[in-house]
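See below for the structure under consideration.
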Amino acid sequence: MSAEATIGSWLVAISALSSAKSAMKLMGSVVVMERFTNKQRVQIVKTYYQNHESEAETVRRLWTIVGRNEAPNKSTVLRLIKKFETTGSVATVKSLGRNRTQRNAQQIAVVKMSDSRSRLSGYKYKKIAEEKKNQLNNLVQKIPKIDYFFKPTTFLNEVENYESTQKTLASCSNSGTSTTDVTYIQNVTSSESCSNNTTEKDNVPIVDSISEDPAEWVINDLTIDRLLLKEIKQNIDYDLLSTKLEFGNKTRYLKKSVFYRKLLNGEQQLRKFLIYSRSKNAVFCIPCRLFGGSTKLATEGLMDWRNVIKIVKQHEVSKEHTNCQIVFLRRSNNIGRIDSDLCIQINNEIDYWKNVLKRVIAVIKKLGSRGLPFRGSVEKFGSQNNGNFMMCLELISEFDPFLSNHIVQHGNPGSGHTSYLSSTTCDEIITLITTQVTNVIIKEIKSAKYFSIVIDSTPDISHTDQLAYVIRYVRDDGFPVERFMCFLPNIGHKSETLETAVLSFLTKHDIDINNCRGQSYDNAANMSGIYSGLQARIVKKNPYAYYVPCAAHSLNLVGTCVAECVKEGLSFFNTIQHLYSFFSASTRRWDILKSSLTLGKKVVKRADGTRWSARHEACDSLYQNYDGIMKNLSLLEEDNFEKATTRCEAAGLRRQLDRFETVFMTVFWNTILERFNSTSKELQKVNIDLGIVVKLYESLINFITSIRNDKCFNEYVILAKKIKSEEYEFDKVRTKKRKLQADETRENEVHMTGSDKLRIETYFTILDRVKSELEKRCAAYTNTFDKYDFLTNLILLSPEEITQKANKLQELYSDDLEKSFACECVHFRAYLQSINTNIDGVIELSIHLRGNNLDTVFPNVDIALRMLLCMAITNCSAERSFSTLKRVKNYLRASMEGDKLNSLSLLAIETELVNKMDFDAIIDDFATQKSRRKPMSTRH
């Protein structure tokens, strides 16, 4: 049997196999379609268009009508709709004049089932499927493999010249053989280039990796192809002293000069064809070794170091080497390969789908970074309800002809057709991006070694408790960052379950808890408890994981305590909140309030909650528009068209605001809250360290101390007089006289005025309470920072003081800092004095150390700075993740949970890392995940 006839029979068999598969697939679809009568098909079509053209909604609706067992699946619905839109009918019409096909057991079974309207039993279905599988396997076994049509690898031992090769190709083309260069077809000899002799099987095993030693090469097509795909190392970098050989009384070595050819003009040219073998201690010629050379350089290897240069010079001009070199170079070039057209086609396909995926990934990154939803109710291009993902692709296609053509050709073909525009592909790419971002964060954490954890929880819109997990560490450039890791659902609020969740996450990602140097939570008892709270349980696992209360939350708690410490202060904030509720309850009242505002002034704000910003905005809006609010309340009080309850409420608010004490509290609290609000915003930043927190708290304490005097009180009274005249409520009420006992007189009685009562019982009391609360909260940060405070004042301290404090820190962290730490600190102090550069703060010190590669000179100083900077000061990053959670999981996506919720949240929160992700890396991971390639085996 000739090769042409064999190939022809092989192609016919493949065509028959494809036809058999298509027929079986069509037969399966007919079986499913025949289950439903024409009336039922009409009902399915109506239900589809009544449910927004959604297959899933149609199936669910039909479940409620006919039941789950009788309802069609989504693929059946799609086929019915496609048939209806194409033909305008759902009935099965038999075509006339169709060629009659050969009847078999499967077709007879289908006819019987369609006529009797009864389904086959499960056993019969399995039997038919098994028979189909056996038929296909038998057909595949009869088809010979492609290696059957080619001989094992040989080489043209005599290649006369390139012209004779072209003549051979011409004669082959006349007989129907491919005109590809014969030098590329390593399995056809010169005498058999056009023969039809049968070929032999190549039983050479497949080698996964090719050795760099030429003596170990197994010469076959696979070895040659793999060597030509990469650059072949010549092994020049090996230690050539090991090439020692004894020639009589003289010792010879292989010199590197052998690998270079010196030209007459003095230039040196690398002999790329030479390669050194360590196993044989010999030199080989690569082209001759691969393509059948007969000299020692091709077979055994050259070891004559005395005459090696002479032999190499003769060899490189020989006819055999020249022919092998030509074959080597032409084989290396894809243009001359037998599969060159196939390679070009594959590369074009790869480039095409890469361009598609780049556009898809760009859309996913932008939508994900904004926290926007992806899918709509209909997954179809051209629909108004296809969602943001398809909408963005449609928008880009208006200006991108490539994407426009792709959508036209592959946009709405249905399932089973590759387009990479479906929601399935979108979800897979989101998962890949999330995995890459998570891997980058984990890699940075392990590189930084030291880290701290931040934990906080909140309920989402579906009433699921979400625990935000954030890790703080120092990057390689010396800058501290806080990275969101994930949301853990329904962990609970008990410290035991919280501990299990925290440690399980670290174990899952192979992060050592012993490298944790800090933990920051809010001041809840289950988190901050000193005996059984989460922080106490973590400290038992790692005593170096110091607990630092959230600085911003602690400051807010100061405000809550102070606002409730005196009657006048509590009444003031209740009045502000009541004022906001009164105006915001009615759109008409709100319009009246806005109409009285001048340019740049604010409407009243909400004053409840613990945030300083909310209280400050509420107090500041009242202070700026005090007169306008009073006028609006008077208008509403006298408006006969308003309800009696509204008029009464307006009158009560007006009387409360008309008090001089309320005006004074507005002026006083506006000043206090403005300072506290600015401090709170500074504390919420990521680039803040423990030293800055201590300084900010101490600055607030000094500020409160400076205004606690009569002079400042009188200044606030003067400001309040500009709004209302000084008339104290206490002075309007008759003073009650206490009945004297027999031995008492009224000489030593103290009579307080309204001003004195406000100053002593309200003004001083509030300031004293603020100061005491700040000092108590500040102590928690000072105790921790005292261990590191000398690092921020190295220039100001003496070497003796630095040595003393550095030794204490080294003893505390004896497993992290070497005993030479004190000497390094003194040396680092001298360095800072010599550069004459003002470095303010621990963060700038760390950045300077890493930026100038000084971490190798001062490694222990770098470790100490990293441990200090990795300590989390606030849990504001976890609080900010809750804002993203509300945008990602809103009322339209309330059912989202698990990995999908974490993936979209990570895309929206860690936008910086997402934007840095490489398109090619994502595409490579996607291709690896979607690859269905199986390892080939040689038939024996």
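The values are calculated or read from the model by the stated rules, or taken from the named source; none is laboratory data. A quick note: this is a predicted structure, and the numbers were derived from the prediction, not measured. Quick reminder, even Gly has a Cβ in these numbers, built from the backbone with ideal geometry, and neighbours come from all protein chains shown. Only protein heavy atoms, including side chains, enter the accessible area calculation; ligands, DNA and RNA are left aside. Shrake-Rupley method; radii C 1.70, N 1.55, O 1.52, S 1.80 Å.
List the number of the failed condition for Val474; all other conditions in (1) within 30 Å of Ile863 (Cα to Cα); (2) free of Cβ contacts under 8 Å to residues at least 24 places away in the same chain hold.
Of the numbered conditions (1) within 30 Å of Ile863 (Cα to Cα); (2) free of Cβ contacts under 8 Å to residues at least 24 places away in the same chain, the odd one out for Val474 is (2).
Would the stretch 643-666 turn up any residue that is in a loop (DSSP other than H, G, I, E, B) and among the β-branched types (Val, Ile, Thr)?
The answer is no; no qualifying residue exists.
Let's see how each residue does on (1) of a type outside the set (Asp, Glu); (2) open to solvent by 40 Å² or more (accessible area, probe 1.4 Å); (3) touching an Asp or Glu at 6+ places or on another chain (Cβ under 7 Å):
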position	(1), (2), (3)
Pro459	yes, yes, yes
Tyr469	yes, no, no
Gly492	yes, no, no
Glu499	no, no, no
Asn514	yes, yes, no
Arg517	yes, no, no
Ser520	yes, no, no
Ala525	yes, yes, no
Ser528	yes, no, no
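Hey, Lys446 hits all of (1) buried (at least 21 other Cβ atoms within 10 Å of the Cβ); (2) assigned to a helix (DSSP H, G or I) but one; which does it fall short on?
Result: Lys446 fails condition (1) only.
Could you identify the single residue in Leu907, Leu869, Leu901 that is farther than 15 Å from Arg370 by Cβ, open to solvent by less than 70 Å² (accessible area, probe 1.4 Å) and under 13 Å from the mean Cα position of the chain (by Cα)?
Exactly one of Leu907, Leu869, Leu901 is farther than 15 Å from Arg370 by Cβ, open to solvent by less than 70 Å² (accessible area, probe 1.4 Å) and under 13 Å from the mean Cα position of the chain (by Cα), namely Leu901.
Determine whether the stretch 849-859 contains at least one residue that is open to solvent by less than 70 Å² (accessible area, probe 1.4 Å) and under 19 Å from the mean Cα position of the chain (by Cα).
Taking every residue of the stretch 849-859 in turn, none turns out to be open to solvent by less than 70 Å² (accessible area, probe 1.4 Å) and under 19 Å from the mean Cα position of the chain (by Cα).
Any residue that is surrounded by 15 or more Cβ atoms within 10 Å (Cβ to Cβ) and under 30 Å from Lys889 (Cα atoms) - is there at least one of those in the stretch 312-333?
The answer is no; no qualifying residue exists.
Which one of Ser571, Ser613, Ser581, Ser596 is at negative phi and open to solvent by less than 30 Å² (accessible area, probe 1.4 Å)?
Unique residue meeting the criteria: Ser613.
Table: residues versus (1) over 23 Å from Phe664 (Cα atoms); (2) among the hydrophobic types (A, V, I, L, M, F, W, C); (3) without any contact (Cβ under 8 Å) to a residue 12 or more places away in the chain.
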{"site": "Arg588", "(1), (2), (3)": "yes, no, yes"}
{"site": "Asp620", "(1), (2), (3)": "no, no, no"}
{"site": "Gln624", "(1), (2), (3)": "no, no, no"}
{"site": "Ile629", "(1), (2), (3)": "no, yes, no"}
{"site": "Lys643", "(1), (2), (3)": "yes, no, yes"}
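For a quick check of your reading of the model, give me the residue pairs whose first member lies in the stretch 785-796 and is under 16 Å from Glu698 (Cα atoms), whose second is assigned to a loop (DSSP other than H, G, I, E, B), with beta-carbon atoms closer than 9 Å and at least 6 apart or on different chains.
Short answer, once both residue conditions are applied: Phe785/Asp689.
In the list Asn412, Asn348, Asn405, which residue meets the criterion of being open to solvent by 70 Å² or more (accessible area, probe 1.4 Å), at pLDDT below 90 and not in a loop (DSSP other than H, G, I, E, B)?
That would be Asn348, the only listed residue that is open to solvent by 70 Å² or more (accessible area, probe 1.4 Å), at pLDDT below 90 and not in a loop (DSSP other than H, G, I, E, B).
Would the stretch 691-698 turn up any residue that is touching a strand residue (DSSP E or B) at 6+ places or on another chain (Cβ under 7 Å), hydrophobic (A, V, I, L, M, F, W, C) and within 30 Å of Gly478 (Cα to Cα)?
no
Being open to solvent by less than 10 Å² (accessible area, probe 1.4 Å) and without any contact (Cβ under 8 Å) to a residue 60 or more places away in the chain is the filter here; which residues of the stretch 654-699 pass it?
Hit for the stretch 654-699 is Val667, nothing else.
With respect to Thr803, is the statement that it is surrounded by 14 or more Cβ atoms within 10 Å (Cβ to Cβ), touching a residue at least 12 places away in the same chain (Cβ under 8 Å), over 43 Å from the mean Cα position of the chain (by Cα) and within 27 Å of Met871 (Cβ to Cβ) true?
Yes.
Would the stretch 721-743 turn up any residue that is open to solvent by 40 Å² or more (accessible area, probe 1.4 Å) and within 54 Å of the chain's Cα centre (by Cα)?
No: zero hits.
Within the stretch 551-568, which residues are open to solvent by 10 Å² or more (accessible area, probe 1.4 Å), within 45 Å of the chain's Cα centre (by Cα) and touching a residue at least 40 places away in the same chain (Cβ under 8 Å)?
Within the stretch 551-568, His553, Asn556, Leu557, Thr560, Cys561 meet the criteria.
Can you find a residue in the stretch 54-65 that is at pLDDT 50 or above, assigned to a loop (DSSP other than H, G, I, E, B) and open to solvent by less than 50 Å² (accessible area, probe 1.4 Å)?
Yes, the stretch 54-65 contains a residue that is at pLDDT 50 or above, assigned to a loop (DSSP other than H, G, I, E, B) and open to solvent by less than 50 Å² (accessible area, probe 1.4 Å).
Looking at the stretch 893-920, I want the residues that are outside any helix (DSSP H, G or I) and have a partner that is of a type in the set (D, E, K, R) with Cβ atoms under 6 Å, at least 6 apart or on another chain. Which pairs are those?
Met896/Lys889
Please name all residue pairs, on different chains or six or more residues apart, with Cβ atoms under 8 Å, provided the first residue is in the stretch 215-226 and is closer than 16 Å to Gly292 by Cβ and the second residue is open to solvent by less than 20 Å² (accessible area, probe 1.4 Å) and among the aliphatic types (A, V, I, L, M).
Every condition considered, the pairs that remain are Trp217/Leu227; Trp217/Leu290; Ile219/Leu290; Thr223/Leu290; Ile224/Leu290.
Out of everything in the stretch 599-609 that is farther than 18 Å from Thr671 by Cα and open to solvent by less than 60 Å² (accessible area, probe 1.4 Å), what residue ends up being farthest from the chain's Cα centre (by Cα)?
Here the residue is Val603.
What are the pairs with Cβ atoms under 8 angstrom where one residue, in the stretch 409-427, is at positive phi and the other, located anywhere, is not hydroxyl-bearing (Ser, Thr, Tyr)? Sequence gap at least six, or different chains.
As it stands, the answer is Gly414/Leu78; Gly414/Lys82; Tyr420/Trp353; Tyr420/Val356; Tyr420/Leu357; Tyr420/Val360, since those pairs meet every condition given.
List the helices (runs of 4 or more DSSP H) that sit entirely inside the stretch 232-344 and contain at least 1 residues that are within 21 Å of Ile219 (Cβ to Cβ) and hydrophobic (A, V, I, L, M, F, W, C).
286-290, 319-332
Against the condition outside any helix (DSSP H, G or I) and either at pLDDT 90 or above or touching a strand residue (DSSP E or B) at 6+ places or on another chain (Cβ under 8 Å) (or both), how does Tyr531 come out, does it pass?
It is false that Tyr531 is outside any helix (DSSP H, G or I) and either at pLDDT 90 or above or touching a strand residue (DSSP E or B) at 6+ places or on another chain (Cβ under 8 Å) (or both).
Applying the selection to the stretch 806-822, what residues are crowded, with 16+ Cβ neighbours inside 10 Å and among the hydrophobic types (A, V, I, L, M, F, W, C)?
Selection gives Ala806, Leu809, Leu817, Phe821, Ala822.
His827 - would you say it is over 34 Å from the mean Cα position of the chain (by Cα) and either open to solvent by 20 Å² or more (accessible area, probe 1.4 Å) or farther than 22 Å from Lys695 by Cβ (or both)?
yes
Thr418 fails exactly one of the following numbered conditions: (1) surrounded by 15 or more Cβ atoms within 10 Å (Cβ to Cβ); (2) in a loop (DSSP other than H, G, I, E, B). What is the number of that condition?
Unmet for Thr418, out of (1) surrounded by 15 or more Cβ atoms within 10 Å (Cβ to Cβ); (2) in a loop (DSSP other than H, G, I, E, B): (1).
Could you check, for the stretch 360-380, whether at least one of its residues is closer than 23 Å to Lys886 by Cα, among the charged types (D, E, K, R) and in contact with a Gly (Cβ under 9 Å, 6 or more places away or on another chain)?
Yes - at least one qualifying residue is present in the stretch 360-380.
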